[in-house]
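Notes for the one structure printed next.
The values are calculated or read from the model by the stated rules, or taken from the named source; none is laboratory data. This one's a predicted model, so the numbers in the text were calculated from it and none came from an experiment. Reconstructed Cβ throughout: ideal geometry from the backbone, glycine too, with neighbour counts over all protein chains shown.
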């Protein structure tokens, strides 16, 4: 079979060859990182080296990095373990954050966004005044469906002035922009390895030095008792290397942005009734959310799949579920537009030829549906 053209980097970034080699080599060594003998100490050294590497990705202290089982677990751990008396969660958060908030057992306030995809800061100020303290504000840095970037540092300043703590889901921002936990001034920052070319099933929580975190998973006391369970040594080693490579990948974003802009220009030149969601807002360089009103997103995904092109409709974590995008609904788009959106996300392997192939397939579908 012909290798498909992969334009779904926001769902999972193809694992980098160097990471595969590191994971495979690490798996050849035995040792539980909690054991005190030589094999255990070697495993512990591997974990701690990766901790330093992931900390470097976000300019944090290594001891403030907590490894866990993915971005979903990281978000759940923060929202349910920060000790908040109330939660203020943006309406466009990933499903893992929204679901965790519903299970937290405290009042939850939804923070609305405008049609530009940016949270309403005026409404945030009112919610901070009314919410039970201490509150936790959760606003993702870059949206997984639209790529829209939030003013997280400004939001964090407002939260702290009101005595609240701040969490940002930076899963989709890592590798696409420089990250600095201190500059963002967030109390909690969450990451996922497979979004930056690392292994699937690995995540991290980066804490401010004084941020509390009750363990969601208890047991052996690993990760300074903040997340129990024997560490996935090989996966963590791959995560560490992917973090270092992600820092270098930021320099490739100008090339990626040019490809994304050419893709969008090709679509808009061919049709005047499509919607480029969030196009007027700050966005990550690799993400394009395109709505073709009248053609459901899942129909478009199947069309591109038959053409040998991988794209997504909505969040990959909701694959198999046919539902209207809550992100586009929150931005004020009617269901006819929201249900017709697809996400095209580029990455380090994307080429000019890939964009040509996408545009040919898109135009073919558009012409057939408009006859």
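Points to keep in mind about this one:
- A single member of 52, 108, 47, 58 is buried (at least 24 other Cβ atoms within 10 Å of the Cβ) and in contact with a helix residue (DSSP H, G or I) (Cβ under 6 Å, 6 or more places away or on another chain), and it is 58.
- Filtered residues of the range 98-123 (kept if in a helix (DSSP H, G or I) and either outside the structural domain of residue 77 (by TED's automatic domain parsing) or within 15 Å of residue 143 (Cα to Cα) (or both)): 98
- Among the residues listed as 204, 156, 162, 183, the single one being more than 16 Å from residue 63 (Cα to Cα), crowded, with 21+ Cβ neighbours inside 10 Å and either modelled with pLDDT of 95 or more or not assigned by TED's automatic domain parsing to the domain that holds residue 227 (or both): 156
- Positions within the range 1-56 being closer than 23 Å to residue 244 by Cβ, part of a loop (DSSP other than H, G, I, E, B) and under 22 Å from the mean Cα position of the chain (by Cα), in sequence order: 9, 10, 11, 12, 13, 14, 15, 16
- Checklist (1) at pLDDT 95 or above; (2) under 15 Å from residue 68 (Cα atoms); (3) surrounded by fewer than 19 Cβ atoms within 10 Å (Cβ to Cβ) applied to residue 220, failing item: (1)
- Taken over the range 120-153, the residue count meeting the criterion of being in contact with a strand residue (DSSP E or B) (Cβ under 7 Å, 6 or more places away or on another chain) and either surrounded by fewer than 15 Cβ atoms within 10 Å (Cβ to Cβ) or without any contact (Cβ under 8 Å) to a residue 40 or more places away in the chain (or both) is 6.
- Check on residue 38, modelled with pLDDT of 95 or more and surrounded by 19 or more Cβ atoms within 10 Å (Cβ to Cβ): no
- Taken over the range 319-369, the criterion of being touching a residue at least 40 places away in the same chain (Cβ under 8 Å), part of a helix (DSSP H, G or I) and farther than 17 Å from residue 308 by Cβ is satisfied by 326, 327, 328, 330, 336, 337, 338, 366, 369.
- Among the residues examined, residue 84 qualifies as under 20 Å from residue 152 (Cβ atoms), at pLDDT 95 or above and outside any strand (DSSP E or B).
- Residue list for the range 284-305, restricted to those being more than 29 Å from residue 151 (Cβ to Cβ), touching a helix residue (DSSP H, G or I) at 6+ places or on another chain (Cβ under 9 Å) and touching a residue at least 12 places away in the same chain (Cβ under 8 Å): 292, 293, 294, 295, 300, 303, 304
- Any chance residue 280 is over 19 Å from residue 357 (Cα atoms), touching a residue at least 24 places away in the same chain (Cβ under 8 Å), loosely packed, with under 14 Cβ neighbours inside 10 Å and within 21 Å of the chain's Cα centre (by Cα): yes
- Taken over the range 124-153, the criterion of being within 16 Å of residue 177 (Cβ to Cβ) and either part of a loop (DSSP other than H, G, I, E, B) or in the same structural domain as residue 344 (by TED's automatic domain parsing) (or both) is satisfied by 139, 140, 141, 143, 144, 146, 147, 150, 151.
- Test: residue in the range 256-263 that is closer than 11 Å to residue 344 by Cβ, outside any helix (DSSP H, G or I) and not assigned by TED's automatic domain parsing to the domain that holds residue 143: no
- Any chance residue 66 is in the same structural domain as residue 192 (by TED's automatic domain parsing) and surrounded by 15 or more Cβ atoms within 10 Å (Cβ to Cβ): yes
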